[in-house]
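Enquirer: Questions regarding the structure given below will be posed in turn.
The values are calculated or read from the model by the stated rules, or taken from the named source; none is laboratory data. Predicted, not measured: the structure shown is a model, and the values here were computed from it. Neighbour counts run over all protein chains shown; Cβ positions are idealised from the backbone, glycine included.
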Number of protein chains: 2
Amino acid sequence: MTEPVFLAACARRSAAHTPVWIMRQAGRYLPEYRALREQHDFRTMMRTPELAAEVTLQPIRRFPLDAAILFADIMTPLDGLGLGLRFTPGPVVDRPLTTRAAIEALAWPPAEEHVGYVLETIRGLRGELPAQVPLIGFAGAPFTLYCYLVEGKGSKGFVRAKAFLHAEPAAAALLLGKLAELTIDYLAAQARAGAQALMIFDSWAGLLGPDDYRRFALPAVRRILEALAATGLPRIYFPNQGATLLEEVARLPLEVVGIDWRLPLSRARAVLGPGVAVQGNLDPAALFAPDAALEAAIERVLEEAGPGPGHVFNLGHGIEAATDPAKVARLVDHVHRRTARGGTP
Amino acid sequence: MTEPVFLAACARRSAAHTPVWIMRQAGRYLPEYRALREQHDFRTMMRTPELAAEVTLQPIRRFPLDAAILFADIMTPLDGLGLGLRFTPGPVVDRPLTTRAAIEALAWPPAEEHVGYVLETIRGLRGELPAQVPLIGFAGAPFTLYCYLVEGKGSKGFVRAKAFLHAEPAAAALLLGKLAELTIDYLAAQARAGAQALMIFDSWAGLLGPDDYRRFALPAVRRILEALAATGLPRIYFPNQGATLLEEVARLPLEVVGIDWRLPLSRARAVLGPGVAVQGNLDPAALFAPDAALEAAIERVLEEAGPGPGHVFNLGHGIEAATDPAKVARLVDHVHRRTARGGTP
């Protein structure tokens, strides 16, 4: 059996074409997703393996994507821990962790028990997905989870969460360390259930400058990546808006770094070095352009990525709900055609 | 008369100490500001010269700041143009510009007539401010104004505004060009009224990658900066979250570049070169730290800025409403003491 192109690219091996998948590919831009969401709330969909698997598969049926990603939320492993977590669908935490005592009290059962539905979703998906379409498991990075847990909800600048870092650095470090442990349990369980790559979304890494990132966010990410080495799976880390953090990221033990649209991939590669694959980074706004302009924008990303192996094509951020699915078809087709290296598998 | 330290730093001349002012220094973290706001809505305060001048002066009375900044909003010059602009206090545009016809119809009277209240505020302030405290006039950059005008309100990603760039590039360019003209009129009038430096806030520049920034946002900024050369005033441009755009910014005709907290000033200086002063860039969250940690964070900014002239100390973003004013006093005092070069004026 030929190695799936996605896994080849993660390992910086050449493949028949550059693989492509899309952040939030299982989501609201798809009418079939919206139809399901009319019948079920977000939390029910996330916690019901049949529904979560169905949603994961929807984009795979529509487009020749090169990877699937588990349908879940970055806050999923914090559900059911007494924090008053709700999905609106953005996460809201009714009892935010704003005291040392509350942070000390945070506890969680083993993943098999606590998020059994996620693991069941993964096991079910492995039987449904084509062999050429690996399944990506994922989790939120500790700092990103921390932001929601301390702020209590999504926010432009997460002022309370950032203020807490500075006002109570020891309590903040305790919480970030606990979130690293929880995430290790969670991702290792996903690996055992059958995930074929593990991605860590640090959606709010870009709220920190390099000094504070090194001090507060990085140690927890490093701990997770080191612990996951034992799984043997590709480790993908996405430090969103992290252009100024990349020198730090370059020293982490990982296989792939996701890059948002702000940083051209050639510059990311120059900082990360040849030992790391890159994933990204078309601006999701380009999907609103006429086809010729969209294709020109795709070309620029491919050019910045360079001709060598080790590029997973993706957007530089999650796809927007208002996107026309026909544009996604165009995108996937264009990347495949332009990067085809003959000798198809 | 000694040259004010703020103007010396803008011109990269050495001065008695590093000047410091604070983005949004006239704002909600001050109890005296909140007291006035209880009596008047934001728009009334902005449009009433006595109130706008009073608010501008509040932080100057409290702290030995080295510059004052006009109290106004980046959307001020768009008020009264039939767009249904409201301040909540964030700007909301009830009739967003989403068609070419609406963009073509956008027109404005001469600044003296249209924003006479701003010019009167500036004239009044010049008589009230100490000679050592220059007054900064300001405007929003065309792309940032464009974001609100097309999106209709503040937004995390300004998806509609960005989609419009790609879907209707010619109409978007027309709007950006008109906003450049409007901004030239507005800032030239501020200069004639007595502003002593001119700052352009590009709050949403960081929504664009370098290619799109060069294509859509940069030409309008360049036009304004070129036109303002005739004023002879220092031109300050703040491309918020613009770490990956700085190579482009380095080629603009200007005296000072504002840097947000994500990019260490040493790296900004390396890209911008010795011919430009930098302004910034303490993370506003550091003002929530205990004094010793706050002072350590200030030291890091001073160290990154380097010993040479051409640094205006500031935050890397507007001060947060929850900030304790005593921390601002500490900040100003610490910067002054640590950078004092003897021979006080």
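Rundown of residues vs (1) modelled with pLDDT under 95; (2) closer than 24 Å to B:Gly318 by Cβ; (3) more than 13 Å from every other protein chain (Cβ to nearest Cβ), yes/no style:
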residue	(1), (2), (3)
A:Ile122	no, no, yes
A:Glu128	no, no, yes
A:Ile136	no, no, yes
A:Glu151	no, yes, no
A:Gly157	yes, yes, no
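Enquirer: With respect to A:Glu113, is the statement that it is more than 14 Å from chain B (Cβ to nearest Cβ), among the acidic types (Asp, Glu), in a helix (DSSP H, G or I) and in contact (Cβ under 8 Å) with a residue 40 or more places away in the chain true?
Expert: Here the answer is no, as A:Glu113 does not meet what is asked.
Enquirer: Test A:Gln25 against the criterion of being within 19 Å of the chain's Cα centre (by Cα) and part of a helix (DSSP H, G or I), and give yes or no.
Expert: In short, no.
Enquirer: Among the residues of region B:186-201, which ones are crowded, with 24+ Cβ neighbours inside 10 Å and either assigned to a loop (DSSP other than H, G, I, E, B) or within 14 Å of another protein chain (Cβ to nearest Cβ) (or both)?
Expert: B:Ala195
Enquirer: With the structure loaded, tell me whether A:Gly209 is under 15 Å from the mean Cα position of the chain (by Cα), facing another protein chain (nearest Cβ under 10 Å), farther than 22 Å from A:Tyr29 by Cβ and surrounded by 24 or more Cβ atoms within 10 Å (Cβ to Cβ) or whether it fails that test.
Expert: Spelling it out, it is not the case that A:Gly209 is under 15 Å from the mean Cα position of the chain (by Cα), facing another protein chain (nearest Cβ under 10 Å), farther than 22 Å from A:Tyr29 by Cβ and surrounded by 24 or more Cβ atoms within 10 Å (Cβ to Cβ).
Enquirer: Can you name every residue in region A:250-259 that is surrounded by fewer than 24 Cβ atoms within 10 Å (Cβ to Cβ), out of contact with any Phe, Trp or Tyr (no Cβ under 7 Å at 6 or more places or on another chain) and without any contact (Cβ under 8 Å) to a residue 60 or more places away in the chain?
Expert: Once the filter is applied, which keeps residues that are surrounded by fewer than 24 Cβ atoms within 10 Å (Cβ to Cβ), out of contact with any Phe, Trp or Tyr (no Cβ under 7 Å at 6 or more places or on another chain) and without any contact (Cβ under 8 Å) to a residue 60 or more places away in the chain, region A:250-259 yields A:Ala250, A:Arg251, A:Pro253.
Enquirer: Out of the residues in region B:135-164 that are more than 28 Å from B:Gln196 (Cα to Cα) and of a type in the set (Val, Ile, Thr), which is surrounded by the fewest Cβ atoms within 10 Å (Cβ to Cβ)?
Expert: B:Val159
Enquirer: A:Thr18 - would you say it is part of a loop (DSSP other than H, G, I, E, B), polar (S, T, N, Q) and under 20 Å from A:Phe238 (Cβ atoms)?
Expert: It is true that A:Thr18 is part of a loop (DSSP other than H, G, I, E, B), polar (S, T, N, Q) and under 20 Å from A:Phe238 (Cβ atoms).
Enquirer: Within region B:267-295, restricting attention to residues that are more than 8 Å from chain A (Cβ to nearest Cβ), surrounded by fewer than 21 Cβ atoms within 10 Å (Cβ to Cβ) and within 13 Å of B:Ala243 (Cβ to Cβ), which residue is nearest to the chain's Cα centre (by Cα)?
Expert: In this case the residue turns out to be B:Val271.
Enquirer: Going by what's in this entry, would B:Gly232 be described as within 20 Å of B:Leu135 (Cα to Cα) and of a type in the set (Gly, Ala, Ser)?
Expert: yes
Enquirer: Take the conditions at pLDDT 95 or above and among the small types (Gly, Ala, Ser) and apply them to B:Ala53. Does it pass?
Expert: Answer is yes for this residue.
Enquirer: Which of (1) within 12 Å of chain A (Cβ to nearest Cβ); (2) modelled with pLDDT under 95 does B:Glu247 not meet, given it meets every other one?
Expert: (2)
Enquirer: B:Tyr146 versus (1) in a helix (DSSP H, G or I); (2) within 14 Å of chain A (Cβ to nearest Cβ); (3) in contact with an Asp or Glu (Cβ under 9 Å, 6 or more places away or on another chain): which is the lone unmet condition?
Expert: In the conditions (1) in a helix (DSSP H, G or I); (2) within 14 Å of chain A (Cβ to nearest Cβ); (3) in contact with an Asp or Glu (Cβ under 9 Å, 6 or more places away or on another chain), B:Tyr146 misses (3) alone.
Enquirer: Go through A:Phe6, A:Phe71 for me and flag whichever is in a helix (DSSP H, G or I) and buried (at least 21 other Cβ atoms within 10 Å of the Cβ).
Expert: One residue alone meets the criteria, A:Phe6.
Enquirer: Follow-up question, since we're still on this one. Limited to region A:239-249, what total is found for residues that are part of a helix (DSSP H, G or I) and in contact (Cβ under 8 Å) with a residue 40 or more places away in the chain?
Expert: So the count comes out to 1.
Enquirer: Got at least one residue in region B:221-238 being within 14 Å of chain A (Cβ to nearest Cβ) and not in a loop (DSSP other than H, G, I, E, B)?
Expert: no
Enquirer: While we're on this one: Given B:Ala229, B:Ala191, which one is on the phi < 0 side of the Ramachandran plot and touching a Pro at 6+ places or on another chain (Cβ under 7 Å)?
Expert: Every option except B:Ala229 fails the conditions.
Enquirer: Among the residues of region B:302-323, how many are more than 10 Å from chain A (Cβ to nearest Cβ), free of Cβ contacts under 8 Å to residues at least 60 places away in the same chain and either part of a helix (DSSP H, G or I) or within 22 Å of the chain's Cα centre (by Cα) (or both)?
Expert: 1
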